[in-house]
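The values are calculated or read from the model by the stated rules, or taken from the named source; none is laboratory data. Quick caveat, the model's predicted, so the values are computed rather than measured. Using ideal geometry, Cβ is built from the backbone for each residue, glycine included, and neighbour counts are taken over all protein chains shown.
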Amino acid sequence: MKKSHNITLLGAGLIGTFYTMTIHGQRSRDRVHTVCALTDDEAKAFAQKWEIPHWTSDLAKAVQDPETDLVIVGLPNNLHKKACLLAAEAGKAVLCTKPLARNAAEAFEILKAVEKSGVFAGYLEDLVYTPKTLKSLASVKNGALGKILWVRSRETHPGPHSAWFWDKEIAGGGAIVDMGCHCIEIIRNFIGKDVKPVEVMCAADTLVHPIQAEDSGIGLIRFENQAIGQFEVSWTFRGGMDLRDEVAGTEGTIWLDHFLRTGYEMFTAVGQGGYVAEKAEGDKGWLFPVGDEVHELGYVHMFSDMFDALDEGRRPMETFMDGYIVNAIIDACYKSAVSKKWEPVKLKEWRVAPPPAPRFRKGDKGRI
């Protein structure tokens, strides 16, 4: 049965904007009811812009709002654990943006908390939900490429939009934890999420920006079936955001260009006169606008899967177990970047999370 959901949104930055834009624009029965930001002024401004009835800077108050049944976490990485644990304690379904946590230890604690409470949990990894990726995955699952041997995923741009991304303590790292999480989960989907990652080799460095964390990284992931994943991430690429994937199998190849060069190119000598696309560096000269950004970046299909899974009592395509595995791979990458050696991926648990059992309480408006 399809239900309407009142949502507590934690975070009023760029990701919160994309999430609200998608939900309010594509899902008429589901609405953000309460927004929580780091300051009252930020929360109030966001609420007024998106016609959200309640706003606050009190994280616990927002999560415990008796009129909401779903919590969406779009906060800085250091607050993910606190937010998810509050949602689990409140018995509310929770969706968390990428990365699930700053490291595997935090991610595992989050995973255990939601499993113990029995709440629905979904990992908001939008880039595995892009229309091109979903169609490519269907082709791979149908055997069009044969056995997958190698997957390469690249995400680069000039640097993050918010100051907290540059803080190693808040973020848990630099470009690898910020963007490598996208690439790693794309790789896992194409190789097969039932195939265990075994070890990694990674190089990381700070080449341009005066920060403690890395602004560039390249990694190799070896899987137990001998397939190789390769990611390239950087905050030093000039010219916008470059999202590309390549998949090679025994019977075929797929090349994907998601964002920078997708067939819409424009030159202007006087300026675009407004927003062009995420991470665009200007509005003059040659531009690469994106027609429907939330659609092209996977947000529409991601939230459709999450809400449908929540209503149907099934496991979504991306779970907190996936987020934990990604964090474990990233931990090994950071270790390898220091040791200059292949490092094992250490997982406390290796399994496919079972579908969550639907649970209702009398009088509740939605699933918990």
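The table below gives the values:
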| read-out | value |
| --- | --- |
| Residue in segment 88-99 that is in a helix (DSSP H, G or I) and under 25 Å from GLU349 (Cα atoms) present | yes |
| All positions within segment 295-341 that are under 29 Å from GLY263 (Cα atoms) and in contact with a Phe, Trp or Tyr (Cβ under 6 Å, 6 or more places away or on another chain) | GLY298, TYR299, HIS301, MET302 |
| Enumeration of residues in segment 132-163 that are hydrophobic (A, V, I, L, M, F, W, C) and either more than 20 Å from HIS295 (Cα to Cα) or in contact (Cβ under 8 Å) with a residue 12 or more places away in the chain (or both) | LEU134, LEU137, VAL140, ALA144, LEU145, ILE148, LEU149, TRP150, VAL151, ALA163 |
| Filtered residues of segment 206-219 (kept if in contact with a strand residue (DSSP E or B) (Cβ under 7 Å, 6 or more places away or on another chain) and either within 27 Å of LYS348 (Cα to Cα) or without any contact (Cβ under 8 Å) to a residue 24 or more places away in the chain (or both)) | GLU214, GLY217, ILE218, GLY219 |
| Failed condition for GLY143, given (1) within 20 Å of the chain's Cα centre (by Cα); (2) within 30 Å of LEU220 (Cα to Cα) | (1) |
| Which listed residue, of ASP205, ASP178, ASP167, ASP215, is of a type in the set (Asp, Glu), at pLDDT 95 or above, closer than 17 Å to TYR334 by Cα and out of contact with any Ser or Thr (no Cβ under 8 Å at 6 or more places or on another chain) | ASP178 |
| Residue in segment 43-58 that is in contact with a Leu (Cβ under 6 Å, 6 or more places away or on another chain) and farther than 21 Å from GLY174 by Cα present | no |
| Per-region count, segment 13-35, residues over 20 Å from the mean Cα position of the chain (by Cα) and crowded, with 23+ Cβ neighbours inside 10 Å | 1 |
| Close pairs (8 angstrom Cβ cut-off, 6 or more residues apart or separate chains): at pLDDT below 95 in segment 59-75, not polar (S, T, N, Q) anywhere | none |
| Hey, GLY172 over 25 Å from PHE237 (Cα atoms) and touching a residue at least 40 places away in the same chain (Cβ under 8 Å) or not | no |
| Count of segment 9-47 residues which are closer than 13 Å to LEU95 by Cβ, assigned to a strand (DSSP E or B) and touching a Ser or Thr at 6+ places or on another chain (Cβ under 7 Å) | 2 |
| Flag for ARG238 being of a type in the set (Lys, Arg), more than 20 Å from the chain's Cα centre (by Cα) and surrounded by 14 or more Cβ atoms within 10 Å (Cβ to Cβ) | no |
